[in-house]
Amino acid sequence: MSETGHQWVNEIREEDKVKGLYLVKTKKMGTTKRGDPFLMLTLADRTGDIETRVWDRAEAFASLFNEGDIVDVEGKADSYRNQVQIVLSDIKAAEDFDPFMFREDSLKSVSEMVAGLKKILRKIENRHLKSLVDRFFADHQFMEDFRKAPAAKNFHHAYHGGLIEHTLAVCEMAHAVAKQYPELDGDILLAGAFLHDIGKIKEFKGDLNIEYTDEGRLIGHLVMGVSMLEEKMQTMKGFPEDLALRLKHLILSHHGQFDFGSPKRPKFLEALALNLVDDLDAKIKGIGNFLEKDQKEGSWTDYNRMFERYFFKRTIENSEKPEDMKPAEDERQEKLFKIS
């Protein structure tokens with residue numbers, strides 16, 4: 001139990017009595033083998049989420065709240081298939097709560113990330129790309145949405161401020177890769193890194209519970225990103241057609257494969273590089289988050305269905321103490337002043 005009196009999700013253990021306020025991330029009705037209804041919930045706070053079941057009076061309880069609501073619950077934690085879950089005995093909609101307890105935000109300063117993004121994008125020398133980037137930063141509504149948007153619903157950077165955190169990381173890696181490989185056009189790669197996920201400001205909605213917009217489900221952020229890019233370029237005179245075509249391809253191909261949602265696969269070097277750095281940041285952050293939230297005891301995580309494997313979570317320990325790695329003072333001096 002924290003100082004606020006709230007029992008954080010990441011601290012709930014088997015046999016704990018659970019009582020307090022939680023966000024309903026998902027809500028589904030199910031039926032047992034005997035035909036009895038039961039309620040499947042995912043409850044959450046800003047530290048994580050936990051699977052929850054209601055076996056008794058499921059239909060009556062289900063009518064009291066919706067997905068995205070904050071509920072006041074009572075129950076007990078048990079274990080099912082080596083995972084902690086909660087079985088509830090009571091649940092009702094909450095009326096008074098602190099949203100900060102349930103909304104997950106980036107741990108990094110958004111203002112500092114905006115400043116970092118501006119700084120690295122100033123390295124772009126191409127005047128057309130520089131002007132294009134400046135127009136996005138001058139768009140107050142775009143920047144307001146960009147600062148608070150998540151980068152995903154579940155897997156990576158799935159929290160407020162996650163999109164700008166992910167974009168900055170991809171831009172920094174793109175700049176480093178361009179320095180390593182002179183055959184890459186660093187300007188177009190860096191511009192593409194900034195633009196690749198801009199459509200996500202329209203793909204997601206919600207303050208406490210992140211959900212897809214209708215436009216997000218029907219069209220998707222890749223196509224919406226190209227549309228947003230075209231709107232900005234239409235306000236610019238003499239923007240080179242070849243450059244515009246390459247930027248659109250960077251956005252449309254950055255997922256890399258058809259089965260990952262890309263309508264096109266990368267077809268020039270900068271597009272390939274963008275796909276690789278974007279994929280690296282997403283996977284490192286997503287798997288790192290999975291490792292952090294895993295509650296399975298021992299050296300291995302629970303089975304990850306997305307990657308179809310278990311992950312080893314034990315840290316590497318240095319068996320030697322720092323002082324053991326240094327020669328004794330008298331030995332160092334003997335070597336330093338030894339006369340041959």
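Throughout, read-outs are computed from the coordinates displayed, never taken from laboratory work. Computed from a predicted model, the values in this text were never measured in an experiment. Methodologically, a virtual Cβ is constructed for each residue, glycine included, from the backbone with ideal geometry; neighbour enumeration extends over all protein chains shown.
Using square roots of five times the C-alpha gyration tensor eigenvalues, list the equivalent-ellipsoid semi-axes of the range 52-96 in whole Å, biggest first.
Square roots of five times the eigenvalues give 20, 12, 9 Å.
For the chain, set up a Gaussian network in which alpha carbons nearer than 10 Å are linked by springs, and say which option among 36, 294, 105 fluctuates the most.
Among 36, 294, 105, the largest GNM mean-square fluctuation belongs to 36.
Excluding residue 104 itself, what net charge comes from residues whose Cβ is under 15 Å from its Cβ, given Lys and Arg +1 and Asp and Glu -1?
Every neighbour counted, the sum reads 0.
Between residue 280 and residue 231, what is the label-to-label distance in nm when each label sits 7 Å out along the Cα-to-Cβ direction?
3.2 nm
How would the range 72-209 be classified by its alpha-carbon gyration tensor: rounded, prolate or oblate, with rounded meaning a/c under 1.5 and the a/b versus b/c comparison settling the rest?
Prolate is the answer for the range 72-209, as a/c is 1.5 or above and a/b outweighs b/c.
For the chain, count all C-alpha to C-alpha pairs, find those more than 38 Å apart, and express that count as a whole percent of the total.
More than 38 Å apart: 33 percent of the Cα pairs in the chain.
For residue 285, which aspartates and glutamates qualify as cross-link partners when the Cα separation must be under 19 Å and same-chain residues fewer than eight apart are set aside?
Within the straight-line limit of under 19 Å, residue 285 reaches these aspartates and glutamates: 49, 104, 105, 165, 172, 197, 294, 302, 308.
With runs of 4+ DSSP H residues as the only contributors, calculate the mean residue ellipticity of the chain at 222 nm using -39,500 (n - 2.57) per run, divided by the residue total and rounded to the nearest 500.
-12000 deg cm²/dmol
Stretch residue 119-residue 214 to full length: gain in nm at 0.36 nm per residue minus the Cα-Cα span?
Contour length minus the Cα-Cα distance gives 30.7 nm.
Kindly put 67, 231 in sequence by how many other C-beta atoms sit within 10 Å of each C-beta, fewest to most.
231, 67
Taking the Cα of residue 315, stepping 7 Å toward and past its beta carbon, and measuring to each backbone N in the range 248-292: which are under 15 Å?
291-292
For the range 9-101, just the Cα set please: Rg and Dmax, both in angstrom.
12.6, 41
Let's see if you can work this out: charge +1 on each Lys and Arg Cβ, -1 on each Asp and Glu Cβ, no other charges. What is the dipole magnitude of the chain about its Cα centre, in debye to the nearest 20?
The dipole magnitude comes to about 1000 debye.
Would you mind telling me which residue in 103, 13, 122 has the biggest mean-square fluctuation in a Gaussian network model of the chain, where springs connect alpha carbons within a distance under 10 angstrom?
122
If you build a Gaussian network model of the chain, linking Cα atoms that sit under 10 Å apart, which residue out of 152, 60, 174 swings the most?
60
Quote to one decimal, in nm, the extra length available between residue 127 and residue 76 on full extension: 0.36 nm per residue of separation minus the C-alpha distance between them.
Once the chain is fully extended between residue 127 and residue 76, it gains 12.2 nm.
At R0 = 25 Å, how high is the FRET efficiency between residue 8 and residue 59 if r is their beta carbon distance? Nearest 0.05 is fine.
0.25
Report the label-to-label distance for residue 28 and residue 293 in nanometres (one decimal), using points 7 Å from each Cα along the Cα→Cβ vector.
Distance between label points: 1.6 nm.
Once you place label points 7 Å from the Cα toward the Cβ at residue 98 and residue 176, how far apart are they in nm?
3.7 nm
For 102, 155, 260, what ranking results if the residue with the fewest other Cβ atoms within 10 Å of its Cβ goes first?
With the sparsest Cβ surroundings first, the list reads 260, 155, 102.
Give the Rg (one decimal place) followed by the Dmax (whole number) of the range 110-290, computed from C-alpha coordinates and expressed in Å.
So, for the range 110-290, Rg and Dmax equal 15.1, 47 Å respectively.
Within a 10 angstrom radius of the beta carbon, how do 284, 188 rank from fewest other beta carbons to most?
284, 188
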